[in-house]
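The structure appears right after this line, and notes come after that.
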Amino acid sequence: MASDPAADRARVLVIACGALAHEILALKRANGWDHLALTCLPAILHNHPDRITPAVRDAVTRHRAHYERIFVAYADCGTGGTLQTACAEMGVEMIAGPHCYAFFDGLDRFAARDEIDAFYLTDFLARQFDAFVWEPLGLDRHPQLRDMYFGHYRTLVYLAQTDDPALDRHAQDCARRLGLAYERRATGYGDLATALAGV
């Protein structure tokens, strides 16, 4: 999602994971953050986290001359610290934490839970479960692989950014398909809202 010409006059560019686009646009509208422009990288990069840091580097390089400031709306997201190192080298800020599950839930709360047997969904993943989980893992073609992938999980935890009964039902269905217990937590936008408010 590229910013439009009017957005290019904003002072701050947010380079975000496509999985956060809906949430960032909602926060931008709700708070009147007209100083923010948004461009997103493909959410599918999460299936190949080694590609996230180079993609962010490229985006910062392409856009740096057009904005006073750039903020990276990614957490570490499986990059093994390389994204944080790259952002520090480029002089841009990013969201703290290991991944979006942690910053939606709140970093301290997420760490305190220490849920090694939970599989998480956000609003985005509840909507895009087939495209980002079921099909890439081949479960549409080989359902017998389910227990190999998910046998060590006990619970599917839906971290809900919005109160959407349809998404809740879809997340429940995802838990059923994976053979997991279901828990819904209303997190709202969590630390994403806090981080963007300071930009």
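Considering the values [x] 1.96; [y] 1.00; [z] 1.05, which represents Cα Rg over 2.2 N^0.38 Å as calculated for the structure under consideration?
Of the listed options [x] 1.96; [y] 1.00; [z] 1.05, [z] comes from this structure.
Which translational diffusion coefficient, to the nearest whole µm²/s, is obtained for the range 64-124 from the Stokes-Einstein equation, given a Kirkwood hydrodynamic radius over C-alpha pairs, 25 °C and 0.890 mPa s?
Using the Kirkwood radius from Cα pairs, D works out to 188 µm²/s.
Run the paramagnetic zone check for ALA118: 7 angstrom along Cα to Cβ, then residues of the range 139-175 with backbone nitrogen under 13 Å.
154-160
Evaluate the relative contact order of the chain (contact order divided by residue number), counting alpha-carbon pairs under 8 angstrom at least 6 apart; express in whole percent.
Once divided by the residue count of the chain, the mean separation gives 18 percent.
What distance in nm separates the simple spin-label points at ASP163 and ARG51, each placed 7 Å from Cα in the Cβ direction?
3.9 nm
Please give the per residue accessible area of the range 1-114, computed with a probe of 1.4 Å over protein heavy atoms only, in Å².
49 Å²
Which value in nm describes the separation of the simple spin-label points at HIS170 and ALA65, placed 7 Å from the Cα toward the beta carbon?
Simple spin-label model gives 4.0 nm for this pair.
Order these peptides, 14-23, 168-177, by their mean beta-carbon neighbour count within 10 angstrom, highest first. Intermediate values should be presented prior to the final figure.
Working: 14-23: 22.7, 168-177: 16.7.
Order by mean packing, descending: 14-23, 168-177.
Over the range 9-66, what is the relative contact order in whole percent, taking alpha-carbon pairs under 8 Å and six or more residues apart? List each step's numbers first, then the result.
Details: 48 pairs, mean separation 22.7, N = 58.
Across the range 9-66, relative contact order equals 39 percent.
Computing the accessible area with a 1.4 Å probe over protein heavy atoms, can you report the carbon and sulfur percentage for the chain?
Answer for the chain: carbon and sulfur cover 51 percent of the accessible area.
The values are calculated or read from the model by the stated rules, or taken from the named source; none is laboratory data. Fair warning: this is a prediction, and the values are worked out from it, not measured in the lab. No Cβ is skipped: glycine too gets one built from the backbone with ideal geometry, and neighbour counts run over all protein chains shown. Side chains are part of the model used for accessible areas, which takes the heavy atoms of the whole protein and leaves out ligands, DNA and RNA. Shrake-Rupley method; radii C 1.70, N 1.55, O 1.52, S 1.80 Å.
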